[in-house]
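Here the structure is laid out as C-alpha coordinates; the discussion comes afterwards.
The values are calculated or read from the model by the stated rules, or taken from the named source; none is laboratory data. Please read all numbers here as calculations on a predicted model, not as lab measurements. Here Cβ is always computed from backbone atoms with ideal geometry, including for glycine, and neighbour counts include all displayed protein chains. The accessibility values were calculated without ligands, DNA or RNA, using every heavy atom of the protein model including side chains. Shrake-Rupley method; radii C 1.70, N 1.55, O 1.52, S 1.80 Å.
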Amino acid sequence: MRRLAAILLLALMTSAAQAQIRIKDLVEFDGVRGNDLIGYGLVVGLDGTGDGIRNAPFTEDIMTNILERLGVNITGEQFRPRNVAAVLVTATLPPFARAGSRVDVTVSAIGDAESLFGGTLVMTPLNGADGQIYAVAQGAVIAGGVAARGDAAEVVEGVPTSGSIPGGARVEREVDFALASMSQIRLALRQADFTTALRIERAINAHFGRAVAAMQDAGTVVLDISATRAASAAHALSEVENLSVAPGSRARVVIDQRSGTIVMGEDVRISRVAVAQGGLTLRVEETPLAVQPNPFTRGETVIVPRTEAAIQNQPEVSLAEVRGGTTLAEVVAGLNALGVGPRDMIDILNTINAAGALHADLVVR
(Lines give C-alpha, C1' and ligand atoms only; values in the text may rest on other atoms or scores of the structure.)
Protein backbone atom coordinates (compact mmCIF):
# COMPACT_ATOMS: atom_id res chain seq x y z
CA MET A 1 0.00 0.00 0.00
CA ARG A 2 2.92 2.33 0.72
CA ARG A 3 4.27 1.88 -2.79
CA LEU A 4 0.80 2.26 -4.27
CA ALA A 5 0.47 5.74 -2.81
CA ALA A 6 3.76 6.78 -4.36
CA ILE A 7 2.76 5.35 -7.75
CA LEU A 8 -0.58 7.16 -7.73
CA LEU A 9 1.04 10.44 -6.76
CA LEU A 10 3.91 10.24 -9.25
CA ALA A 11 2.51 8.37 -12.25
CA LEU A 12 -0.71 10.40 -12.49
CA MET A 13 0.69 13.91 -11.95
CA THR A 14 0.86 16.41 -14.82
CA SER A 15 3.70 18.86 -15.36
CA ALA A 16 1.64 21.68 -16.84
CA ALA A 17 4.18 24.39 -15.98
CA GLN A 18 6.91 22.74 -18.06
CA ALA A 19 5.00 21.18 -20.96
CA GLN A 20 4.56 23.04 -24.24
CA ILE A 21 0.91 22.74 -25.28
CA ARG A 22 -0.63 23.76 -28.57
CA ILE A 23 -3.02 26.70 -28.39
CA LYS A 24 -5.73 24.59 -30.06
CA ASP A 25 -5.66 22.32 -26.99
CA LEU A 26 -6.01 25.25 -24.58
CA VAL A 27 -8.74 27.40 -26.12
CA GLU A 28 -12.07 27.33 -27.90
CA PHE A 29 -12.53 29.67 -30.85
CA ASP A 30 -15.60 31.81 -30.29
CA GLY A 31 -18.48 30.53 -32.44
CA VAL A 32 -16.66 27.41 -33.61
CA ARG A 33 -18.61 24.81 -31.67
CA GLY A 34 -20.96 21.87 -32.06
CA ASN A 35 -24.72 21.83 -31.56
CA ASP A 36 -26.65 19.21 -29.59
CA LEU A 37 -29.43 17.31 -31.35
CA ILE A 38 -32.19 15.10 -29.94
CA GLY A 39 -34.95 12.93 -31.35
CA TYR A 40 -37.57 10.42 -30.29
CA GLY A 41 -37.68 7.17 -32.23
CA LEU A 42 -38.31 3.46 -32.31
CA VAL A 43 -35.96 0.49 -32.33
CA VAL A 44 -37.39 -2.63 -33.99
CA GLY A 45 -36.22 -6.20 -34.53
CA LEU A 46 -35.53 -7.02 -30.88
CA ASP A 47 -35.67 -10.64 -29.78
CA GLY A 48 -38.48 -10.32 -27.24
CA THR A 49 -36.54 -7.76 -25.17
CA GLY A 50 -38.51 -4.64 -26.13
CA ASP A 51 -41.03 -2.54 -24.23
CA GLY A 52 -44.09 -3.97 -22.60
CA ILE A 53 -46.88 -2.00 -24.27
CA ARG A 54 -48.95 -1.92 -21.09
CA ASN A 55 -46.06 -0.34 -19.17
CA ALA A 56 -44.91 1.93 -22.01
CA PRO A 57 -48.01 3.23 -23.86
CA PHE A 58 -45.95 5.87 -25.70
CA THR A 59 -44.33 3.01 -27.65
CA GLU A 60 -47.72 2.04 -29.03
CA ASP A 61 -48.42 5.67 -29.95
CA ILE A 62 -45.26 6.07 -32.02
CA MET A 63 -45.80 2.66 -33.66
CA THR A 64 -49.28 3.77 -34.68
CA ASN A 65 -47.96 7.03 -36.13
CA ILE A 66 -45.23 5.30 -38.12
CA LEU A 67 -47.51 2.65 -39.55
CA GLU A 68 -50.16 5.21 -40.50
CA ARG A 69 -47.55 7.30 -42.32
CA LEU A 70 -46.67 4.16 -44.26
CA GLY A 71 -50.31 3.70 -45.27
CA VAL A 72 -51.24 0.97 -42.77
CA ASN A 73 -54.62 1.55 -41.12
CA ILE A 74 -54.58 0.11 -37.59
CA THR A 75 -57.39 2.15 -36.07
CA GLY A 76 -59.00 0.16 -33.25
CA GLU A 77 -56.49 -2.66 -33.51
CA GLN A 78 -54.83 -4.16 -30.45
CA PHE A 79 -51.23 -5.32 -30.72
CA ARG A 80 -48.75 -6.35 -28.05
CA PRO A 81 -45.36 -6.82 -29.72
CA ARG A 82 -42.24 -7.36 -27.63
CA ASN A 83 -39.74 -6.64 -30.37
CA VAL A 84 -39.92 -2.82 -30.34
CA ALA A 85 -38.61 -0.20 -27.92
CA ALA A 86 -39.06 3.55 -27.64
CA VAL A 87 -35.74 5.40 -27.49
CA LEU A 88 -34.23 8.85 -27.26
CA VAL A 89 -31.62 9.54 -29.91
CA THR A 90 -28.90 12.11 -29.23
CA ALA A 91 -26.06 13.45 -31.35
CA THR A 92 -23.73 16.43 -31.68
CA LEU A 93 -23.66 18.35 -34.93
CA PRO A 94 -19.99 19.31 -35.36
CA PRO A 95 -18.98 22.80 -36.51
CA PHE A 96 -18.92 23.35 -40.28
CA ALA A 97 -20.85 20.10 -40.91
CA ARG A 98 -22.23 20.12 -44.44
CA ALA A 99 -25.43 18.59 -45.82
CA GLY A 100 -24.87 14.93 -46.58
CA SER A 101 -22.12 14.35 -44.04
CA ARG A 102 -22.65 11.76 -41.30
CA VAL A 103 -22.42 11.99 -37.50
CA ASP A 104 -22.50 9.38 -34.73
CA VAL A 105 -25.63 8.96 -32.62
CA THR A 106 -26.39 7.48 -29.19
CA VAL A 107 -29.58 5.49 -28.63
CA SER A 108 -31.06 5.06 -25.12
CA ALA A 109 -34.21 3.17 -24.13
CA ILE A 110 -36.81 5.16 -22.18
CA GLY A 111 -39.31 2.36 -21.49
CA ASP A 112 -38.94 -1.00 -19.79
CA ALA A 113 -37.02 -2.67 -22.63
CA GLU A 114 -34.48 -5.22 -21.39
CA SER A 115 -31.97 -4.90 -24.23
CA LEU A 116 -31.43 -3.11 -27.56
CA PHE A 117 -29.10 -5.84 -28.83
CA GLY A 118 -29.78 -6.71 -32.47
CA GLY A 119 -32.25 -3.84 -32.97
CA THR A 120 -32.54 -1.35 -35.81
CA LEU A 121 -33.41 2.30 -35.35
CA VAL A 122 -36.24 3.44 -37.62
CA MET A 123 -35.84 6.79 -39.40
CA THR A 124 -35.75 9.41 -36.65
CA PRO A 125 -35.57 13.20 -37.18
CA LEU A 126 -33.07 14.98 -34.90
CA ASN A 127 -34.01 18.46 -33.74
CA GLY A 128 -31.85 21.32 -32.48
CA ALA A 129 -32.63 23.69 -29.63
CA ASP A 130 -34.57 25.88 -32.06
CA GLY A 131 -36.92 23.01 -32.97
CA GLN A 132 -35.60 22.68 -36.53
CA ILE A 133 -34.62 19.30 -37.99
CA TYR A 134 -30.89 19.19 -38.70
CA ALA A 135 -30.28 15.46 -39.25
CA VAL A 136 -32.06 12.15 -39.72
CA ALA A 137 -30.86 8.98 -37.97
CA GLN A 138 -31.37 5.35 -38.94
CA GLY A 139 -29.40 2.13 -38.77
CA ALA A 140 -28.42 -0.94 -36.77
CA VAL A 141 -27.80 -0.33 -33.06
CA ILE A 142 -24.57 -1.51 -31.49
CA ALA A 143 -25.67 -2.26 -27.92
CA GLY A 144 -23.32 -1.39 -25.07
CA GLY A 145 -23.83 -4.66 -23.17
CA VAL A 146 -25.61 -7.99 -22.98
CA ALA A 147 -28.15 -9.51 -20.61
CA ALA A 148 -29.21 -13.13 -20.02
CA ARG A 149 -32.13 -13.98 -17.76
CA GLY A 150 -33.73 -17.14 -16.48
CA ASP A 151 -36.45 -18.05 -14.01
CA ALA A 152 -34.15 -17.86 -11.00
CA ALA A 153 -31.09 -15.90 -12.09
CA GLU A 154 -29.88 -13.20 -14.42
CA VAL A 155 -26.54 -11.97 -15.70
CA VAL A 156 -26.04 -8.44 -17.02
CA GLU A 157 -22.79 -7.11 -18.46
CA GLY A 158 -22.48 -3.47 -19.44
CA VAL A 159 -25.59 -1.42 -20.25
CA PRO A 160 -27.72 -3.32 -22.81
CA THR A 161 -30.41 -0.60 -22.85
CA SER A 162 -28.04 1.91 -24.45
CA GLY A 163 -26.12 1.74 -27.70
CA SER A 164 -24.68 3.73 -30.57
CA ILE A 165 -24.79 3.92 -34.35
CA PRO A 166 -21.46 5.09 -35.84
CA GLY A 167 -22.26 7.49 -38.67
CA GLY A 168 -25.93 6.76 -38.07
CA ALA A 169 -27.27 10.25 -38.84
CA ARG A 170 -27.08 12.19 -42.08
CA VAL A 171 -26.95 15.99 -41.90
CA GLU A 172 -29.90 17.60 -43.69
CA ARG A 173 -29.54 21.24 -42.62
CA GLU A 174 -26.37 23.30 -42.15
CA VAL A 175 -25.73 25.80 -39.37
CA ASP A 176 -24.77 29.16 -40.83
CA PHE A 177 -21.53 30.64 -39.46
CA ALA A 178 -19.91 33.50 -41.39
CA LEU A 179 -16.30 32.87 -40.37
CA ALA A 180 -14.89 34.45 -43.53
CA SER A 181 -16.53 37.83 -42.80
CA MET A 182 -15.24 38.12 -39.21
CA SER A 183 -12.64 40.83 -38.52
CA GLN A 184 -11.99 39.70 -34.94
CA ILE A 185 -12.36 36.41 -33.12
CA ARG A 186 -12.09 35.61 -29.44
CA LEU A 187 -10.02 32.76 -28.05
CA ALA A 188 -11.79 31.43 -24.93
CA LEU A 189 -9.46 29.60 -22.54
CA ARG A 190 -10.82 26.29 -21.25
CA GLN A 191 -9.13 26.99 -17.91
CA ALA A 192 -9.16 30.72 -17.20
CA ASP A 193 -5.74 31.90 -16.07
CA PHE A 194 -4.06 35.30 -16.44
CA THR A 195 -0.60 33.78 -16.94
CA THR A 196 -1.76 31.45 -19.69
CA ALA A 197 -3.69 34.21 -21.45
CA LEU A 198 -0.65 36.50 -21.39
CA ARG A 199 1.60 33.76 -22.77
CA ILE A 200 -0.86 33.07 -25.58
CA GLU A 201 -0.94 36.78 -26.46
CA ARG A 202 2.87 36.98 -26.53
CA ALA A 203 3.24 33.78 -28.58
CA ILE A 204 0.78 34.99 -31.24
CA ASN A 205 2.32 38.46 -31.47
CA ALA A 206 5.82 37.00 -31.67
CA HIS A 207 4.74 34.68 -34.49
CA PHE A 208 3.25 37.46 -36.63
CA GLY A 209 5.87 40.02 -35.62
CA ARG A 210 3.33 42.67 -34.62
CA ALA A 211 0.47 43.26 -32.18
CA VAL A 212 -2.41 41.17 -33.51
CA ALA A 213 -3.64 39.65 -30.22
CA ALA A 214 -4.63 41.28 -26.94
CA MET A 215 -5.52 39.69 -23.60
CA GLN A 216 -8.97 40.85 -22.59
CA ASP A 217 -9.24 38.99 -19.28
CA ALA A 218 -8.14 35.71 -17.68
CA GLY A 219 -10.33 33.70 -20.03
CA THR A 220 -10.25 35.65 -23.29
CA VAL A 221 -7.67 36.68 -25.89
CA VAL A 222 -8.93 38.75 -28.84
CA LEU A 223 -7.32 38.10 -32.24
CA ASP A 224 -7.45 40.85 -34.90
CA ILE A 225 -7.86 38.90 -38.15
CA SER A 226 -7.19 41.88 -40.43
CA ALA A 227 -3.94 42.70 -38.61
CA THR A 228 -2.57 39.21 -39.29
CA ARG A 229 -2.64 39.97 -43.05
CA ALA A 230 -3.64 36.35 -43.65
CA ALA A 231 -5.60 35.35 -46.73
CA SER A 232 -8.69 34.61 -44.63
CA ALA A 233 -9.81 34.05 -41.06
CA ALA A 234 -9.40 30.30 -41.56
CA HIS A 235 -5.77 30.80 -42.65
CA ALA A 236 -5.04 32.95 -39.60
CA LEU A 237 -6.59 30.45 -37.18
CA SER A 238 -4.68 27.56 -38.74
CA GLU A 239 -1.44 29.37 -37.92
CA VAL A 240 -2.50 30.38 -34.42
CA GLU A 241 -3.82 27.01 -33.25
CA ASN A 242 -0.50 25.23 -33.85
CA LEU A 243 1.59 27.64 -31.78
CA SER A 244 2.80 26.19 -28.47
CA VAL A 245 2.85 27.80 -25.04
CA ALA A 246 3.55 26.64 -21.49
CA PRO A 247 0.23 27.11 -19.65
CA GLY A 248 0.20 28.34 -16.09
CA SER A 249 -2.00 26.61 -13.55
CA ARG A 250 -3.01 26.83 -9.92
CA ALA A 251 -1.51 24.35 -7.50
CA ARG A 252 -4.16 21.67 -7.05
CA VAL A 253 -4.65 18.31 -5.34
CA VAL A 254 -7.51 16.20 -6.69
CA ILE A 255 -8.83 13.32 -4.56
CA ASP A 256 -11.25 10.62 -5.72
CA GLN A 257 -12.55 9.02 -2.52
CA ARG A 258 -14.30 6.17 -4.34
CA SER A 259 -11.17 4.75 -5.97
CA GLY A 260 -8.58 6.14 -3.56
CA THR A 261 -6.84 8.05 -6.35
CA ILE A 262 -4.70 11.08 -5.51
CA VAL A 263 -3.40 13.44 -8.22
CA MET A 264 -1.05 16.30 -7.32
CA GLY A 265 0.04 19.11 -9.61
CA GLU A 266 3.67 20.09 -9.93
CA ASP A 267 3.28 23.36 -8.01
CA VAL A 268 1.89 21.76 -4.84
CA ARG A 269 3.83 22.68 -1.70
CA ILE A 270 3.49 21.61 1.95
CA SER A 271 4.79 23.51 4.95
CA ARG A 272 6.71 21.66 7.65
CA VAL A 273 4.22 19.75 9.83
CA ALA A 274 4.10 16.84 12.28
CA VAL A 275 1.49 14.11 11.71
CA ALA A 276 0.27 11.17 13.80
CA GLN A 277 -2.24 8.81 12.20
CA GLY A 278 -4.17 5.92 13.67
CA GLY A 279 -7.61 4.40 13.70
CA LEU A 280 -9.89 1.50 14.42
CA THR A 281 -10.93 -1.49 12.35
CA LEU A 282 -14.52 -2.61 12.94
CA ARG A 283 -15.65 -6.10 11.92
CA VAL A 284 -19.28 -7.23 12.02
CA GLU A 285 -20.21 -10.75 10.86
CA GLU A 286 -23.77 -12.05 10.55
CA THR A 287 -24.32 -15.85 10.70
CA PRO A 288 -28.06 -16.42 11.17
CA LEU A 289 -29.16 -19.86 12.35
CA ALA A 290 -32.33 -21.58 11.11
CA VAL A 291 -34.13 -23.55 13.84
CA GLN A 292 -36.44 -26.29 12.51
CA PRO A 293 -39.53 -27.55 14.44
CA ASN A 294 -39.80 -31.14 15.54
CA PRO A 295 -41.13 -33.61 12.96
CA PHE A 296 -44.92 -33.92 12.63
CA THR A 297 -45.57 -30.79 14.70
CA ARG A 298 -47.25 -27.55 13.79
CA GLY A 299 -44.24 -25.46 14.62
CA GLU A 300 -42.64 -22.99 12.21
CA THR A 301 -39.06 -22.48 11.14
CA VAL A 302 -37.45 -19.64 13.06
CA ILE A 303 -34.39 -17.65 12.00
CA VAL A 304 -32.22 -16.90 15.02
CA PRO A 305 -29.84 -13.99 14.41
CA ARG A 306 -26.20 -14.43 15.41
CA THR A 307 -23.82 -11.51 15.22
CA GLU A 308 -20.11 -11.33 15.94
CA ALA A 309 -18.64 -7.85 16.36
CA ALA A 310 -15.05 -6.90 17.07
CA ILE A 311 -12.99 -3.72 17.19
CA GLN A 312 -9.28 -3.87 16.47
CA ASN A 313 -6.92 -1.04 17.29
CA GLN A 314 -4.28 -0.29 14.72
CA PRO A 315 -0.71 -0.08 16.03
CA GLU A 316 0.00 3.25 17.62
CA VAL A 317 1.99 5.62 15.45
CA SER A 318 4.05 8.37 16.99
CA LEU A 319 4.30 11.84 15.53
CA ALA A 320 6.10 11.84 12.18
CA GLU A 321 7.61 14.97 10.70
CA VAL A 322 6.77 15.93 7.14
CA ARG A 323 9.41 18.38 6.04
CA GLY A 324 8.43 21.35 3.94
CA GLY A 325 8.81 20.49 0.25
CA THR A 326 10.13 22.86 -2.37
CA THR A 327 9.53 20.38 -5.20
CA LEU A 328 6.82 17.82 -5.89
CA ALA A 329 9.32 14.97 -5.41
CA GLU A 330 10.12 16.23 -1.90
CA VAL A 331 6.42 16.55 -1.07
CA VAL A 332 5.74 12.98 -2.21
CA ALA A 333 8.76 11.65 -0.34
CA GLY A 334 7.63 13.40 2.86
CA LEU A 335 4.08 12.04 2.64
CA ASN A 336 5.24 8.50 1.88
CA ALA A 337 7.53 8.62 4.90
CA LEU A 338 4.35 8.34 6.98
CA GLY A 339 4.01 4.75 5.77
CA VAL A 340 0.26 4.76 5.08
CA GLY A 341 -1.89 3.68 2.15
CA PRO A 342 -3.87 5.89 -0.25
CA ARG A 343 -7.06 5.78 1.83
CA ASP A 344 -5.29 7.06 4.94
CA MET A 345 -3.32 9.50 2.79
CA ILE A 346 -6.60 11.14 1.75
CA ASP A 347 -7.50 11.79 5.40
CA ILE A 348 -4.01 13.11 6.09
CA LEU A 349 -4.15 15.55 3.14
CA ASN A 350 -7.56 16.78 4.30
CA THR A 351 -6.17 17.38 7.79
CA ILE A 352 -3.00 19.08 6.53
CA ASN A 353 -5.19 21.36 4.42
CA ALA A 354 -7.35 22.19 7.46
CA ALA A 355 -4.17 23.05 9.36
CA GLY A 356 -3.21 25.54 6.64
CA ALA A 357 -0.04 23.67 5.68
CA LEU A 358 -1.19 22.51 2.23
CA HIS A 359 -0.57 25.30 -0.26
CA ALA A 360 -2.87 24.18 -3.04
CA ASP A 361 -6.52 23.92 -3.97
CA LEU A 362 -7.94 20.69 -2.54
CA VAL A 363 -10.61 19.16 -4.81
CA VAL A 364 -12.50 16.17 -3.42
CA ARG A 365 -14.73 14.17 -5.76
- Message: So the check is Cβ under 8 Å with 6+ separation or different chains; which pairs have a first residue in region 166-186 that's farther than 14 Å from PRO95 by Cα and touching a residue at least 12 places away in the same chain (Cβ under 8 Å) and a second one that's hydrophobic (A, V, I, L, M, F, W, C) and open to solvent by 90 Å² or more (accessible area, probe 1.4 Å)?
- Response: PRO166/ILE142
- Item | Selection from region 118-130 of residues that are part of a loop (DSSP other than H, G, I, E, B) and within 24 Å of the chain's Cα centre (by Cα) | GLY128, ALA129
- Query: Of all residues in region 148-177 being among the small types (Gly, Ala, Ser) and at pLDDT 80 or above, which is farthest from ARG102 (Cα to Cα)?
  - Reply: SER162
- Note on the structure: So, first residue over 15 Å from LYS24 (Cβ atoms) in region 195-219, second residue among the hydroxyl-bearing types (Ser, Thr, Tyr), Cβ within less than 8 Å, six or more apart or across chains; the pairs are ALA197/THR220; PHE208/THR228; VAL212/THR228
- Message: Of all residues being in contact with a strand residue (DSSP E or B) (Cβ under 8 Å, 6 or more places away or on another chain) and of a type in the set (Ser, Thr, Tyr) in region 231-275, which is nearest to GLN191 (Cα to Cα)? Just the residue, please.
- Response: SER244
- Return the residue satisfying two criteria in turn: it lies in region 18-36 and is hydrophobic (A, V, I, L, M, F, W, C) and farther than 11 Å from LEU237 by Cβ, and of such residues it is surrounded by the most Cβ atoms within 10 Å (Cβ to Cβ). LEU26
- Note on the structure: Condition set more than 22 Å from THR59 (Cα to Cα) and small (Gly, Ala, Ser), scope region 118-130, selection surrounded by the most Cβ atoms within 10 Å (Cβ to Cβ): answer is GLY128
- Note on the structure: Across (1) at pLDDT 85 or above; (2) open to solvent by 70 Å² or more (accessible area, probe 1.4 Å); (3) out of contact with any helix residue (DSSP H, G or I) (no Cβ under 9 Å at 6 or more places or on another chain); (4) not in a loop (DSSP other than H, G, I, E, B), ALA91 clears everything bar (2)
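Quick check on region 133-144. Is at least one of its residues in a loop (DSSP other than H, G, I, E, B), open to solvent by less than 80 Å² (accessible area, probe 1.4 Å) and modelled with pLDDT of 90 or more?
To start, the set of residues in region 133-144 that are in a loop (DSSP other than H, G, I, E, B) comprises 141.
Now drop any that are not open to solvent by less than 80 Å² (accessible area, probe 1.4 Å), which leaves 141.
Keeping just the survivors that are modelled with pLDDT of 90 or more gives 141.
Within region 133-144, one or more residues are in a loop (DSSP other than H, G, I, E, B), open to solvent by less than 80 Å² (accessible area, probe 1.4 Å) and modelled with pLDDT of 90 or more.
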- Message: Of the conditions (1) modelled with pLDDT of 75 or more; (2) over 29 Å from the mean Cα position of the chain (by Cα); (3) open to solvent by 20 Å² or more (accessible area, probe 1.4 Å), VAL84 satisfies every one except a single condition; which number is it?
- Response: (3)
